[in-house]
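Working notes, beginning with the structure itself.
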């Protein structure tokens with residue numbers, strides 16, 4: 001496995017995101033059961049089978065699902081109970097599952113929506129086009145006419161323009177060709193090397209273990225195990241027990 005670039009500040013020294021005994025769900029159905037973890041300026045992958053609560057966790061952190069109990073905080077500031085737009089303003093940029101782009105708007109229109117807010121900051125429209133040159137080539141194309149990989153680049157680029165301290169991605173490699181997955185992996189490594197924390201929910205084990213060395217395994221709404229990408233790749237029994245797979249192959253889930 002290639003060496004991952006990790007900034008000096010880690011979850012062990014100065015937590016950026018803290019999730020403490022978090023419980024949440026839908027109506028009377030509780031999905032998250034006392035989820036706790038913290039992370040610093042690093043990439044962390046949350047993996048698990050379908051229906052284990054991974055997307056619910058992302059949506060709860062982002063304020064899209066109300067917290068039943070427990071709390072979340074970013075750089076010591078409480079997030080729980082805030083509206084999603086306030087959480088974004090506090091520094092959490094979200095790339096949701098399914099991308100949620102506006103199909104009739106062009107790439108340029110998606111990017112320029114946030115251009116004023118990005119002025120003078122690290123991530124500007126030019127910086128996004130530098131990270132994803134393919135978007136620059138398709139800037140006049142409508143989002144609905146882009147390929148799946150191009151749409152995911154646009155979703156990530158739009159999130160970066162918020163210039164948050166944490167980027168949270170839910171199933172970013174879903175439906176992408178292996179070459180585009182590799183582009184996504186490189187973009188995550190670059191973000192971390194530049195001081196941005198990345199929390200990624202993934203079912204594609206190749207993508208998850210290439211993006212992040214630190215891995216949290218989610219089972220039935222709980223963090224069942226914390227391990228490393230290296231240990232997971234070296235342990236087929238662990239893969240079968242928690243993920244129901246026999247092997248991890250490049251670019252596959």
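Remind me, relative contact order of the chain in percent, using alpha carbon pairs under 8 angstrom and six or more residues apart? Each step should come with its number before you reach the end.
Values: 521 pairs, mean separation 65.2, N = 253.
Worked out over the chain, it gives 26 percent.
Which residue, 105, 205, 162, has the most motion in a Gaussian network model of the chain that connects Cα atoms within less than 10 Å?
Answer for the Gaussian network model of the chain: 105.
Rg/Rh for the range 60-110 to two decimals, with Rh computed the Kirkwood way over all alpha-carbon pairs.
Numbers: Rg = 13.5 Å, Rh = 12.5 Å.
My calculation of the ratio gives 1.08.
When a footprinting reagent is the concern and you count Cβ atoms within 10 Å, what order do 116, 121, 54 take, fewest first?
Working: 116 8, 121 12, 54 24.
Final ranking by Cβ density, sparse to dense: 116, 121, 54.
Taking every pair of distinct Cα atoms and averaging 1/r, then inverting, what Kirkwood hydrodynamic radius in Å comes out for the range 63-161? If you can, show how the numbers build up before the last one.
Numbers: mean 1/r = 0.0683 Å⁻¹.
The Cα-based Kirkwood calculation yields 14.6 Å.
Based on other C-beta atoms within 10 Å, arrange 26, 206, 94 from fewest to most. Before the final figure, lay out each step's value.
Values: 26 10, 206 20, 94 25.
Listed from fewest to most nearby Cβ atoms, that is 26, 206, 94.
Only bridges whose two residues both fall in the chain count here: according to DSSP, what percent of them are antiparallel, nearest 5?
Numbers: 22 of 40 bridges.
The answer is about 55 percent antiparallel.
Starting from the Cα of residue 38, step 7 Å along the direction of its Cβ; do the same at residue 77; then give the gap between the two resulting points in nm.
In this crude label model, residue 38 to residue 77 measures out at 1.8 nm.
Please list the equivalent ellipsoid semi-axes of the chain, computed as the square roots of five times the alpha-carbon gyration tensor eigenvalues, in descending order and whole angstrom.
Working: eigenvalues 144, 97, 62 Å².
Each semi-axis is the square root of five times an eigenvalue, giving 27, 22, 18 Å.
Taking the number of other C-beta atoms within 10 Å as the exposure measure, put 122, 189 in order starting with the fewest. Intermediate values should be presented prior to the final figure.
Working: 122 11, 189 20.
Ordered by Cβ neighbours within 10 Å, fewest first: 122, 189.
Between rounded, prolate and oblate, where does the range 1-151 land on the alpha carbon gyration tensor, with a ≥ b ≥ c its root eigenvalues, rounded for a/c under 1.5, else prolate if a/b exceeds b/c?
Numbers: a/c = 1.82, a/b = 1.49, b/c = 1.22.
It is prolate, given that a/c is not under 1.5 and a/b is the larger ratio.
Per DSSP H run of at least 4 residues, take -39500 (n - 2.57); add these up for the chain, divide by its residues and hand me the 222 nm value, nearest 500 deg cm²/dmol.
Numbers: 11 runs with 86 residues, N = 253.
Theoretical 222 nm ellipticity from helices: -9000 deg cm²/dmol.
Read-outs throughout are calculated quantities, based only on the coordinates presented, and are distinct from any laboratory measurement. Just so it is clear, the model here is predicted, and its values are computed rather than measured. All Cβ positions, glycine included, derive from the backbone under ideal geometry; neighbour counts span all protein chains shown.
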